[in-house]
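The values are calculated or read from the model by the stated rules, or taken from the named source; none is laboratory data. The structure presented is a predicted model; accordingly, all values stated were derived computationally and were not measured. All Cβ positions, even for glycine, are placed from backbone atoms using ideal geometry, and neighbour counts span all protein chains on display.
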Amino acid sequence: MTDRQRPVGVFDSGVGGLTVFRAVRRRLPAENLLYLGDNARVPYGSKSRETIVRYTEECVSTLVERGVKCLVVACNTVSAVALPTLQSRFPGIPVLGVVEPGALAACRASVSGRIAVIATRSTVNGGAYVAAIHRYRPDAQVVSLPCPLFVPLAEEGWFDGPLVEGIAARYLGSLFAADPAPDCLVLGCTHYPLLSGVIRKVIGPEPVMVDSAETTADALAAMLVERGLDNTSGQCGSNAFLTTDDAACFAQIGARFLGGDVCRDNVSHISL
């Protein structure tokens with residue numbers, strides 16, 4: 001197997017990163033993809049920095065041992081907390097997170113410079129999105145809000161309805177009813193795109209919503225070409241999934257994210 005044919009590793013603390021996996025699969029149909037979800041220890045967003053880094057290093061070591069040619073950190077919490085550690089620990093593997101592509105897209109999309117970011121508590125408290133946005137646009141006015149209930153709602157498959165809309169309104173209603181309101185909203189957690197319909201109902205039609213999954217897929221495509229690692233075989237790439245918890249459960253929940261494209265036979269349980 002050549003370097004170009006080696007798999008792209010996609011890592012998340014659970015199943016939320018499957019939104020990134022889905023975007024990468026659409027954008028790069030020839031790439032072989034290997035996804036690892038640390039479902040046994042999810043969520044990462046409420047854990048300490050030290051614990052997040054330790055768990056992440058263990059998972060990424062597993063992917064590196066399996067021969068990935070690069071790593072996509074499909075988790076906003078890990079991207080915000082552990083990305084520099086990964087880049088230092090695995091210098092031979094290009095590492096791409098979801099924060100920088102999302103921040104750059106927000107800065108390009110916002111006309112007024114008023115940008116809202118919703119994410120897990122750990123991502124918000126770490127300030128990675130605010131710092132990244134200010135690197136690209138120092139004059140931006142950034143508001144960060146934790147929306148912790150969005151993750152369990154997405155994993156339960158509750159994407160709409162009065163209950164979900166009420167929670168979204170509680171989180172976002174007053175911010176986007178203000179004058180002036182943000183003109184851009186960054187979905188700073190990979191679960192949140194599944195709730196984009198109900199979020200749109202709450203914030204109205206005007207604000208631009210930035211999905212970091214799509215922007216990360218574009219950034220990955222550019223990185224692979226730049227480093228001569230893009231798969232040029234002309235064949236459709238393969239999908240494989242690893243989970244630290246029950247494989248059948250992963251396949252069932254994963255199908256909600258990928259539209260039924262997770263086959264139980266493609267999911268393997270691993271112990272760390």
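Structural remarks
- Sub-7 Å Cβ pairs linking a first residue in region 234-247 that is farther than 12 Å from VAL10 by Cα and free of Cβ contacts under 8 Å to residues at least 40 places away in the same chain to a second residue that is polar (S, T, N, Q) and surrounded by fewer than 18 Cβ atoms within 10 Å (Cβ to Cβ), at least 6 apart or interchain, are ALA247/SER268, ordered by first then second residue.
- Those residues of region 241-268 which are in a strand (DSSP E or B) and either surrounded by fewer than 16 Cβ atoms within 10 Å (Cβ to Cβ) or of a type in the set (Lys, Arg) (or both), in sequence order: SER268
- Some residue of region 54-73 being outside the structural domain of SER196 (by TED's automatic domain parsing), of a type in the set (S, T, N, Q) and either surrounded by 24 or more Cβ atoms within 10 Å (Cβ to Cβ) or over 24 Å from PHE257 (Cα atoms) (or both): yes
- When ILE93 is tested against (1) in a helix (DSSP H, G or I); (2) hydrophobic (A, V, I, L, M, F, W, C); (3) touching a strand residue (DSSP E or B) at 6+ places or on another chain (Cβ under 9 Å), exactly one condition is not met: (1).
- Within region 224-233, being modelled with pLDDT of 95 or more and among the β-branched types (Val, Ile, Thr) holds for one residue alone: VAL225.
- Top-ranked residue of region 179-223 - restricted to ones that are under 17 Å from the mean Cα position of the chain (by Cα) and of a type in the set (D, E, K, R), ranked as modelled with the highest pLDDT: ASP218
- In region 23-52, the qualifying residues are those that are of a type in the set (A, V, I, L, M) and over 21 Å from THR244 (Cα atoms), and the one that is surrounded by the fewest Cβ atoms within 10 Å (Cβ to Cβ) is ALA30.
- Test: VAL117 is buried (at least 18 other Cβ atoms within 10 Å of the Cβ) and touching a Gly at 6+ places or on another chain (Cβ under 8 Å): yes
- Taking region 122-205 and the helices (runs of 4 or more DSSP H) fully enclosed by it, the elements with 3 or more residues that are out of contact with any helix residue (DSSP H, G or I) (no Cβ under 8 Å at 6 or more places or on another chain) and under 25 Å from GLN252 (Cα atoms) are at 150-156.
- Region 1-22, subset surrounded by fewer than 24 Cβ atoms within 10 Å (Cβ to Cβ) and among the polar types (S, T, N, Q), residue nearest to THR51 (Cα to Cα): GLN5
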